[in-house]
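One structure is given below, encoded as structure tokens.
The values are calculated or read from the model by the stated rules, or taken from the named source; none is laboratory data. Every value quoted in this text rests on a predicted model; they were computed, and no experiment measured them. Note that we place each Cβ from the backbone using ideal geometry, even for glycine, and neighbour counts take in every protein chain shown. The accessibility values were calculated without ligands, DNA or RNA, using every heavy atom of the protein model including side chains. Shrake-Rupley method; radii C 1.70, N 1.55, O 1.52, S 1.80 Å.
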Amino acid sequence: MADNGGQLLTIFFFFDILDFVLLLLFTTFIDCIVYGNPSFTLFLYRLSDLQTPYLSFPLQVDNRPKYYGREYHGMISREEADQLLSQAEGSYLIRESQRQPGTYTLALRFGNQTRNFRLYHDGKHFVGEKRFESIHDLVTDGLITLYIETKAAEYIAKMTINPIYEHVGYTTLNQEPTLKKLLPLSPEAPDGPAPAKDDNNAEERLTSLVRRATLRESDLAPKYEKVHNFKVHTFRGPHWCEYCANFMWGLIAQGVKCADCGLNVHKQCSKVVPNDCQPDLRHVKKVYSCDLTTLVKAHNTKRPMVVDMCIQELEARGLQSEGLYRISGFSELIEDVKLAFDRDGEKADISSNAYEDINIISGALKLYFRELPIPLITYDAHPRFIEAAKITDAEKRLESLHEALKLLPPAHCETLRYLMAHLKRVTQYEKENLMSSENLGIVFGPTLMRAPELDAMTALNDIRYQRLVVETLITHEDVLF
Ligand SMILES: [Zn+2]
Ligand SMILES: [Zn+2]
């Protein structure tokens, strides 16, 4: 073991000068945060580019898993690992557990103590939720995170208290201060002109924040609330949180990005961002199988345009057509209408010149509801609707349905109201089209109310209540909504 110690020191002195400078930055930037130096974001940015000064031990170890390199030390004890690593911050090794052979531990020197993490590999390396291609990346990311989380914990805790984020819809157009707040980094950065990628990034930040700042609720636009659709994201190049304006640290998975509006924030900040997602058509590319609220917010409409356009087309052509909604049109042509909506949105041509058969239009509307990721009567509200349908007393059933409707997101409720009013008009031509509210309940029940549970028996049992719900909604549309 004495030999290894010798090698350790030798390697330590072979750090190149750049790494050494970065190491110094690494340990001093926290002071900058603590004392509120405005240039701390620059230090943080440097951190992400730094190559962690790690030490490896060219040991010949038997039974080394092929996905580990020279950092693998075999079955050495915790104490031995501690001794080996005690000589340099940021050094690390992997050892096999003596208690549970076949499991591995990453021992990492940080803050003058050796920290042990259970290490996993499933094609990628991980100790927590982030997955890495190499152990080196995992350790670099880990060191950055450890530094920030331990030394700047207080700072992080305060990060979300004074957000720069302006709540869409309630903001007055106040661009000037927002813009000033955004630009502390590049031009006046203390170390001379910022690299080109910084400029791009600043521009990118500006664009997205100006976009937010200029988004105002118009009187015509629906006021539906929408939660952001955050997904863990790996940012290329330095990125700043659009909620708190602070740097997003780490090598990968530095934060989350909203798939609908493109908002980039820390995972921590994502929990406090208001439900004011304003989907952007650049992100919301499809019409079918897009979340209903997302679609109407992206297109700034009250209801999905598919619903309005199909219903208007059907009513214009006349609702007397026999078996309307029961008879299905050619599925290829229905698929064609779907493609037209996905491609052209409200400009889709669904006139009788394009689709002569009225059942293509009704089929396209039913398909729209079937393909919603969350059904029109949502999974959350589903049980309440079923419960209501089970009530035998007609008056009480209506009351209960009325309560259940309140559980629907506003855009869902509004669309359901519009559809039910239309279906009521369809039943007014029952003599010609032979479609009663009961028949329409059979057609639309499973389309509007997919059961959340997978249990086949329950699902089968629910079908008749689904029919009953839709039938009742049609019949009493005027009092229920
Ligand atoms: Zn969003
Ligand atoms: Zn943040």
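Annotation note: chymotrypsin sites (Phe, Trp or Tyr not before Pro) in region 239-345 located in DSSP loop regions with a Cβ neighbour count of at most 15 within 10 Å are Phe330. Relative to its residue count, region 230-285 spans a Cα convex hull of 77 Å³ per residue.
Here the 3J(HN,Hα) profile of region 402-414, calculated from phi with Karplus coefficients 6.51, -1.76 and 1.60 at θ = phi - 60°, is 4, 5, 4, 4, 5, 7, 6, x, x, 5, 5, 4, 5 Hz, Gly and Pro shown as x. For region 224-305, the solvent-accessible area with a 1.4 angstrom probe is 38 square angstrom per residue.
Where the accessible area of region 298-479 is counted over protein heavy atoms with a 1.4 Å probe, how much of it, in %, is carbon and sulfur?
Exposed carbon and sulfur together represent 50 percent of the surface.
Looking at region 277-347, the trypsin sites (Lys or Arg not before Pro) that sit in a DSSP loop and have at most 12 other Cβ atoms within 10 Å of their own Cβ are Arg282, Lys285.
Taking all protein chains as present, what is the carbon and sulfur share of the accessible area of region 54-156, in % to the nearest whole number, probe 1.4 Å? Don't jump to the answer; show the numbers that get you there.
Working: 2230 of 5260 Å².
On region 54-156, the fraction of accessible area on carbon and sulfur atoms equals 42 percent.
Rg/Rh for region 54-156 stands at 0.96; both radii use Cα atoms, and Rh follows the Kirkwood definition.
Does region 298-479 come out rounded, prolate or oblate by the C-alpha gyration tensor, with a ≥ b ≥ c the root eigenvalues, rounded set by a/c under 1.5 and, if not, prolate when a/b is larger than b/c and oblate if not?
On the way: a/c = 1.74, a/b = 1.47, b/c = 1.18.
Prolate shape, in that a/c is at least 1.5 and a/b is the bigger ratio.
Computed with a 1.4 Å probe over protein heavy atoms only, the accessible surface of region 323-455 comes to 48 Å² per residue.
In terms of packing, defined here as the mean over residues of other Cβ atoms within 10 angstrom, the peptides 364-374, 120-130 line up highest first as 364-374, 120-130.
Loop only by DSSP, 15 or fewer other Cβ within 10 Å of the Cβ. Give me the GluC sites (Glu not before Pro) in region 391-481 that pass, ordered by residue number. Answer in residue order: Glu453.
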